[in-house]
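The values are calculated or read from the model by the stated rules, or taken from the named source; none is laboratory data. None of these values were measured; they are calculated from a predicted model. For neighbour counting, all protein chains shown are included, and Cβ atoms are generated from backbone atoms with ideal geometry for every residue, glycine included. With ligands, DNA and RNA removed, areas are computed over all heavy atoms of the protein, side chains included. Shrake-Rupley method; radii C 1.70, N 1.55, O 1.52, S 1.80 Å.
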Amino acid sequence: MEISKKLEGNVLHVALEGRLDTNTSPLLAKSLDEENGYTDIVFDFAKLEYLSSSGLRLLFTCRKNLGGKEHVIVENSNEVILEIFRVTGFNNQVTLKQ
């Protein structure tokens, strides 16, 4: 998985490419832990191919740490990932933007 990050003010923009699964979730968690000073996070999933339950857990942890769904935004998800959000009810746990 490729991770690109950019901090703009208090918003951390994170673009992911590849798969967010059991193998790559720890890499993303470590990468996020290296950042300081953000109160909101925007994930760009335009190039994300797959999202597993461990990836969902990581998003939920971000939501919990930042204080609510309005602080975690997921944008540009493909239809497969949007369906995962809908089926799991996770669409109510983060802010989805297309």
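Yes or no, residue by residue, for (1) under 20 Å from residue 84 (Cβ atoms); (2) at pLDDT below 95; (3) of a type in the set (A, V, I, L, M); (4) over 12 Å from the mean Cα position of the chain (by Cα):
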residue: 13; (1), (2), (3), (4): no, no, no, no
residue: 16; (1), (2), (3), (4): yes, no, yes, no
residue: 25; (1), (2), (3), (4): yes, no, no, no
residue: 37; (1), (2), (3), (4): no, yes, no, yes
residue: 46; (1), (2), (3), (4): yes, no, yes, no
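Residues that are in a loop (DSSP other than H, G, I, E, B) and of a type outside the set (S, T, N, Q) were ranked within the range 7-31; the one that is surrounded by the fewest Cβ atoms within 10 Å (Cβ to Cβ) is 9.
Based on this model, can you work out whether residue 50 counts as out of contact with any Cys (no Cβ under 7 Å at 6 or more places or on another chain), assigned to a strand (DSSP E or B) and hydroxyl-bearing (Ser, Thr, Tyr)? For residue 50, the condition - out of contact with any Cys (no Cβ under 7 Å at 6 or more places or on another chain), assigned to a strand (DSSP E or B) and hydroxyl-bearing (Ser, Thr, Tyr) - is met. Kindly establish whether residue 39 is of a type in the set (Ser, Thr, Tyr), open to solvent by 50 Å² or more (accessible area, probe 1.4 Å), under 16 Å from residue 95 (Cα atoms) and touching a Gly at 6+ places or on another chain (Cβ under 9 Å). So residue 39 fits the description; yes. From the list 49, 34, the one residue that fits, being open to solvent by 50 Å² or more (accessible area, probe 1.4 Å), acidic (Asp, Glu) and touching a residue at least 24 places away in the same chain (Cβ under 8 Å), is 49.
In the range 59-78 there is no residue that is surrounded by 15 or more Cβ atoms within 10 Å (Cβ to Cβ), among the hydrophobic types (A, V, I, L, M, F, W, C) and farther than 15 Å from residue 93 by Cβ.
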